[in-house]
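Down below is the structure, laid out as structure tokens.
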Number of protein chains: 2
Amino acid sequence: MGWFPVLGLLLCLSVGLSEGSKLLVAPMDGSHWLSMKILVMELSARGHEVVVLVPENSLLIKGSQTFTTVIYKVPYTKEELDGKFNELRKGVFSPPKFSDLMTNVERLVNFTTMQVKGCEYMLNNKELMDQLRGEGFDAMLSDPFIPCGSVLAHMFSIPAVYFLNGLPCQLDFRANQCPSPPSYIPIFYSGNTDKMNFLQRDMTYQKLLGEGAIWLLRNDFTFQWPRPIMPNMVFIGGINCVTTKPLPADLEEFVEGSGDDGFIVFTMGSMVSDMPLKTATFFFEAFRQIPQRVLWRYEGKVPENAPKNVKLLKWLPQNDLLAHPKARLFMTHGGTHGIYEGICHGRDNVHRMTARGVAEQLLIFDLSTEAIKMQTLSSLHHDRPVPPLDLAVFWTEFVMRHKGADHLRVAAHDLNWIQYFCLDVLAFLTLIVVTVIGITVKCCLFCTRKCCGRGTAVKKKQA
Amino acid sequence: MGWFPVLGLLLCLSVGLSEGSKLLVAPMDGSHWLSMKILVMELSARGHEVVVLVPENSLLIKGSQTFTTVIYKVPYTKEELDGKFNELRKGVFSPPKFSDLMTNVERLVNFTTMQVKGCEYMLNNKELMDQLRGEGFDAMLSDPFIPCGSVLAHMFSIPAVYFLNGLPCQLDFRANQCPSPPSYIPIFYSGNTDKMNFLQRDMTYQKLLGEGAIWLLRNDFTFQWPRPIMPNMVFIGGINCVTTKPLPADLEEFVEGSGDDGFIVFTMGSMVSDMPLKTATFFFEAFRQIPQRVLWRYEGKVPENAPKNVKLLKWLPQNDLLAHPKARLFMTHGGTHGIYEGICHGRDNVHRMTARGVAEQLLIFDLSTEAIKMQTLSSLHHDRPVPPLDLAVFWTEFVMRHKGADHLRVAAHDLNWIQYFCLDVLAFLTLIVVTVIGITVKCCLFCTRKCCGRGTAVKKKQA
């Protein structure tokens, strides 16, 4: 264990150097904020001046005593925002019209449209922009799912640190010039291009994103397929499950009472706490038949005679529950936070249960076979040289200390596609080859004609 | 600084789990061994059973009280080995015959040929092989510059950790299936392929190398151009300069006496301590004209009336000297150890001084302009979340704990080149398109003929 003093010294030095740095944060509302908030809190706690841009009407982003918030006006009311989301929540439980893929895309587009509008409104607020520019921020921390932070970083000429799980159409890897051989890297959300309207904004947004200094990717290779990466990509999957708090007394009592059978955690993510009564009844009936206790984040209608092993809650401390030794199964819609919390605590997952068949699926689900796999994943996931939160803090501070991370930026950013694929070189070489072949053929023809001509002449003479 | 307890716990756990693991080490003789030794010593100190394979006649690899050595027979004597190297040492100072590139390649090939012979001899030693197999090693630590370790790891079915600066012809990146766009990744040692005889062994050795679990790359992006990397590549550049020891008394006195002018460190690497008197005289005369003191690793002939500011030594504590605050300039042949020690301590470098012009170059060299650049590199190089030695230890232990690192291995390893470039998919799609076009054209022709036929008939009737 001889290296702790060295590491300690190194980090003391680093922290010392960045003390008092100023960071501007452009988060995305909704569940994305929940993990970015962990990093924001930690950076504040370490003495940085952190300013978070918050829309006046938001879903989950709220002020805090730990960091500063700048609240900006948006062109929609809280009612309009909530109304939009209630529509979306309902949509989750209706059978998919075209395909799961298209439903997912539609949800995503609807989810971001309002925030993009709010972002545009903010960028046009000249007074606010002048004020922010005057602050002299050292860096920008941004969720690139909406382009707000990237635009601001470009406008203020400050380096950007991106915090994300991923972007559709591999926009993140493409923007960072990372090769993605299609033979073993499945195309995520393929076919969405026109729906997302990326064909139009692709070139410009991709270039804008390409200016990012560090990409904090909220995933790791226990869940993600291994693939080529870039030196400025930092994998911080599981950042949301490093620290656990003790459960509230009533929850602790409920889960402790589950005995050896343990309990199940059931949630549809931070944005959905309701479902149609018909679907809900399926679940209630399924839960009645199992020995485990169930903790369910559910605010909808409850059928009469609901089973007693089910406890309904408005909000679940998801990560703390999954960390509990009696937790047996994690039923989730498959959001990345939940997936990584599941992996983190070695809990088995039942994913993406939007369709009707789920209740039956649960009953036939074998709790033991998959559990071992999950525990292997969990042990790999935890076995990293630096915990994800510290890694995220380190690289954010790095960008503030060094005004970017240019030494990790590939030269491919400065090439156009003709240069990237060496087409100019190939064309030049082809030209040379063609010219040489052309001249050779001409010479040969010329010689052959001469020789044949002379040959005939000689033959004639001999004759 | 809130995360130290967490990190501590994590690492205690890790160390605890791997305690008593057994590691087989296949080093390469010469300067490569010097940095691998640091990792080997540290792993031994942490309680692992480390067994190093040492040829009976070697240049720098020696036994130690910290780790176990297994000495194997080789088909050459110590005299033959030394003789070969003396030839090589002389060759360094003769003007390059064809090009610097070819000279370098020749040196490399000669450097490795003897070791490869020794390796073959060892692999054919059935008794030793059976003994090693019986030991039940958890992993192999190997320098893949010679194929010994890769072959052993394959034979014993144990995961391999590679420790290297790089391989010629990008063999390392190719073996690890990492894309290398030629447009911005310069081809190192290009044209060597046939000289190195890689055309013959390329496919098999590349495949063998591809089995490596973790690649500990002895470089980082302060010196290396940024490029696509793979999840199982770990950058540990600077592993050789983390720890410094105090200087011996006589050296300390000499360098302290250099005053504000400071001193210069001059060495041609661990393998070369001599040069022709004519070349040496150039350097002595150059040094006479500068105010700095010079520490020179030199065992050759000394001209009469040598300047007093030059101290000649058989062996330099290079890293410790470069760490000294009075060190001003580092004159080196450009070996990677020296380069990283230079970067590490922010010392200015004058590289690859094999040609005659060097003495003049030194005199006109501006010590201050480049020094700032070097100090920027140094600050970037040091600013990493985990020191390189600890990173190397972590990943070696990881491979022993988890019997490999399969979750970091890209699926491309299982594809042939037709699949990798999706040529099968393209061929299938082309077939479909051609078929559809073919059928459409046939149909159109058929319809046109029918219509035209009828049309003519109608026209005829009308007529």
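Apart from one condition, B:L132 fits all of (1) modelled with pLDDT under 95; (2) under 21 Å from B:V161 (Cβ atoms); the exception is (1). Taken as a whole, the structure places A:V302 among residues that are more than 14 Å from every other protein chain (Cβ to nearest Cβ), over 30 Å from B:F223 (Cα atoms) and assigned to a loop (DSSP other than H, G, I, E, B). Within the stretch B:314-326, the residues that satisfy the criterion of being without any contact (Cβ under 8 Å) to a residue 60 or more places away in the chain and buried (at least 19 other Cβ atoms within 10 Å of the Cβ) are B:L316, B:Q318. If I ask for residues that are more than 30 Å from A:K22 (Cα to Cα) and assigned to a helix (DSSP H, G or I), which ones from the stretch A:378-411 would you list? The answer is A:S378, A:S379, A:L380, A:H381, A:H382.
Scan the stretch B:170-179 and give yes if some residue there is assigned to a loop (DSSP other than H, G, I, E, B), surrounded by 21 or more Cβ atoms within 10 Å (Cβ to Cβ) and of a type in the set (S, T, N, Q), otherwise no. Yes, the conditions are met somewhere in the stretch B:170-179.
When every residue of the stretch B:277-286 is checked against the conditions, none turns out to be in a loop (DSSP other than H, G, I, E, B) and open to solvent by 60 Å² or more (accessible area, probe 1.4 Å). Determine if the stretch B:382-397 includes at least one residue that is under 25 Å from the mean Cα position of the chain (by Cα), aromatic (F, W, Y) and at the interface with chain A (Cβ under 7 Å from one of its Cβ atoms). Looking through the stretch B:382-397, at least one residue is under 25 Å from the mean Cα position of the chain (by Cα), aromatic (F, W, Y) and at the interface with chain A (Cβ under 7 Å from one of its Cβ atoms).
Quick one: in the stretch B:151-163, which of the residues that are surrounded by 24 or more Cβ atoms within 10 Å (Cβ to Cβ) and not β-branched (V, I, T) is farthest from the chain's Cα centre (by Cα)? For the stretch B:151-163, the residue satisfying everything is B:A153.
For the stretch A:351-367, a residue qualifies if it is surrounded by fewer than 19 Cβ atoms within 10 Å (Cβ to Cβ) and either outside any helix (DSSP H, G or I) or modelled with pLDDT of 75 or more (or both), and the qualifying residues are A:H351, A:R352, A:A355, A:R356, A:G357, A:F365, A:D366, A:L367.
Looking at the stretch B:260-276 only, could you name the residues that are open to solvent by 30 Å² or more (accessible area, probe 1.4 Å) and over 26 Å from the mean Cα position of the chain (by Cα)? Answer for the stretch B:260-276, where residues must be open to solvent by 30 Å² or more (accessible area, probe 1.4 Å) and over 26 Å from the mean Cα position of the chain (by Cα): B:D260, B:D261, B:P276.
Exactly one residue out of A:K403, A:K442 is open to solvent by 60 Å² or more (accessible area, probe 1.4 Å) and more than 17 Å from A:V161 (Cα to Cα): that is A:K442. Screening the candidates A:F235, A:F254, A:F223 for the property of being closer than 30 Å to A:N309 by Cβ and either in contact (Cβ under 8 Å) with a residue 12 or more places away in the chain or open to solvent by less than 10 Å² (accessible area, probe 1.4 Å) (or both) yields one hit, A:F254. Residue count for the stretch A:156-172 under the criterion of being over 19 Å from A:A392 (Cα atoms) and modelled with pLDDT under 90: the result is 4.
The values are calculated or read from the model by the stated rules, or taken from the named source; none is laboratory data. Just so you know, these numbers come straight off a predicted model, no measurement behind them. When we count neighbours, we look across all protein chains shown, and the Cβ atoms used for this are built from the backbone with ideal geometry, even at glycine. Please note that ligands, DNA and RNA were not included when accessible areas were found on the heavy atoms of the full protein model with its side chains. Shrake-Rupley method; radii C 1.70, N 1.55, O 1.52, S 1.80 Å.
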